[in-house]
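Structure first, commentary second.
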Amino acid sequence: MISGNPKTIVHMDLDSFFVSVERLNNSALNDRPVLVGGTGSRGVVASCSYEARRFGVHSGMPMRMALQLCPEAIVIKGDSSRYSKYSNIITEIIKEEVPIFEKTSIDEFYADLSGMDRFFGCYKLATELRETIIRETGLPISFGLSTNKTVAKVATGEAKPNNRLEVPRGSEKPFLAPLPVKKIPMVGDKTGLLLNRMGIRHIYTLQQMPLPVMEKAMGKNGVSLWHKANGVDPAPLVPFQERKSISLERTFQRDTIDMRKLDTLIVAMAETLAFQLRQGDKLTACITVKIRYSDFNTYTLQKRIPYTSNDDKLIDISKELFQKLYERRLLVRLIGVRFSHLVGGGHQINLFEDSAEKIRLYQAMDRMRKRFGSGAVKRAKTLEARSLGGPNPFNGNAPMIMAHRRQ
């Protein structure tokens, strides 16, 4: 089944990352059921300890329901700045030790160790990397090692908590066969339900299905799913780039000092970019505001922040930077906002930043924007701003930095 150049991929995932970071700062939380998330009655669980999971608690669950299942649980409001700090430390450790790696979220990484067998052995290298992370951060981390991203990720799930597992070349299919189909990363609730209706509950059954049947039932997704079930996944690593960014700029047809207009545009840009982050399940850790005056002198000001895709926070910081940067005596020719240092995992972080009610509001607004366009729903303050819509940079091959528009 496997073709092309042989690969060796390791998937590394920090165990109950938010909970583990909290335990570093408070050892009294060790061995206790812990919930990290919104602390109010409408809060949502962003992360839970394994002690809490035994009661049926899981991330994304309303906090009130989680406490009904596990009344003894300790609830902690998430601290994104603390989690961002440890995520950055681990990123630097991995960057120093492996040639190519992909950071898919704040607590999850892939690394391509292909060819390292001739030096140390891939399993040994992955083990030493894991030990270095544990020693330097005190955080538990698990890894799976195999021939592609899918099998490596599934192996990590089977290795948890705080362990390691190798699936050697040629043993991918028998390793996957007895596992439930929901163990395959691309299988969510809806896909899982569809497969169950087809009588497919374990990966072995999916492996035995004729490929044309899967294609007819699920289209291209069915083909991809069948290949992954058979241990084949050609998806390449996307090398981590610290400076990856999305941005919006606007050049005025007439230079202006209209503060109301400038403030409105800053809010509209930050709001639009935040929507794009959430559509791509991304977070930003750096905001930059840019101003070009009528004399063509250009100035920028940036601020590192805890990972977020929250409208309110991104808008407030963008406005704060603009106010610090703006020289009121000069006419403005161009303004822009850029979000950089992007990583995946937006949904999980936002669970402890907002109440369940606010999350549902954002989700409803984003659904309307996705269906009717980015300008379909906007703050009253930004109604005067022209549409800032454009191709979402996380869809297909759209450019990461959007072209600026004139007004």
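The values are calculated or read from the model by the stated rules, or taken from the named source; none is laboratory data. Remember, predicted model here, so these are calculated numbers, not experimental data. Neighbour counts run over all protein chains shown; Cβ positions are idealised from the backbone, glycine included.
Worth pointing out:
- Sole residue being in contact with a Ser or Thr (Cβ under 7 Å, 6 or more places away or on another chain) and not assigned by TED's automatic domain parsing to the domain that holds GLU51, chosen from PRO161, PRO140, PRO185, PRO180: PRO185
- If you filter segment 332-347 down to residues that are crowded, with 22+ Cβ neighbours inside 10 Å and not in a strand (DSSP E or B), you find that the one that is modelled with the highest pLDDT is LEU342.
- Residue within segment 22-39 that is surrounded by fewer than 15 Cβ atoms within 10 Å (Cβ to Cβ), free of Cβ contacts under 8 Å to residues at least 12 places away in the same chain, within 30 Å of TRP226 (Cα to Cα) and out of contact with any strand residue (DSSP E or B) (no Cβ under 9 Å at 6 or more places or on another chain) present: no
- Within segment 84-134, the only residue that satisfies the criterion of being in contact with a Leu (Cβ under 9 Å, 6 or more places away or on another chain) and without any contact (Cβ under 8 Å) to a residue 12 or more places away in the chain is PHE119.
- Listed by first and then second residue, the pairs linking a residue in segment 273-300 that is on the phi > 0 side of the Ramachandran plot to a residue that is at pLDDT below 85 and in a strand (DSSP E or B), with Cβ atoms under 8 Å apart and 6 or more places separating them unless they lie on different chains, are ASP281/GLY344.
- Just one of the listed residues (ARG243, ARG292) is of a type in the set (Lys, Arg), assigned to a loop (DSSP other than H, G, I, E, B) and either at pLDDT 95 or above or more than 30 Å from ALA364 (Cα to Cα) (or both), and it is ARG243.
- Among the conditions (1) farther than 24 Å from ASP79 by Cβ; (2) touching a residue at least 60 places away in the same chain (Cβ under 8 Å); (3) out of contact with any His (no Cβ under 8 Å at 6 or more places or on another chain); (4) not hydrophobic (A, V, I, L, M, F, W, C), the only one that ARG254 does not satisfy is (2).
- Residues of segment 145-196 that are hydrophobic (A, V, I, L, M, F, W, C) and over 25 Å from the mean Cα position of the chain (by Cα): VAL167, PHE175, LEU176, ALA177, LEU179, LEU194, LEU195.
- Test: residue in segment 112-121 that is crowded, with 19+ Cβ neighbours inside 10 Å and within 22 Å of the chain's Cα centre (by Cα): yes
- Annotation: of all residues in segment 82-136 being in contact with a Lys or Arg (Cβ under 7 Å, 6 or more places away or on another chain) and of a type in the set (S, T, N, Q), the one that is farthest from VAL10 (Cα to Cα) is THR91.
- Every pair of residues 6+ apart whose Cβ atoms lie under 6 Å, when the first sits in segment 202-227 and is touching a residue at least 24 places away in the same chain (Cβ under 8 Å) and not assigned by TED's automatic domain parsing to the domain that holds ILE184 while the second is surrounded by fewer than 16 Cβ atoms within 10 Å (Cβ to Cβ) and outside any helix (DSSP H, G or I): none
- Note on segment 1-105: enclosed strands (runs of 3 or more DSSP E) holding 2 or more residues that are closer than 30 Å to LYS173 by Cα are 9-14, 100-105.
- Some residue of segment 1-8 being in contact with a Gly (Cβ under 7 Å, 6 or more places away or on another chain) and surrounded by fewer than 15 Cβ atoms within 10 Å (Cβ to Cβ): yes
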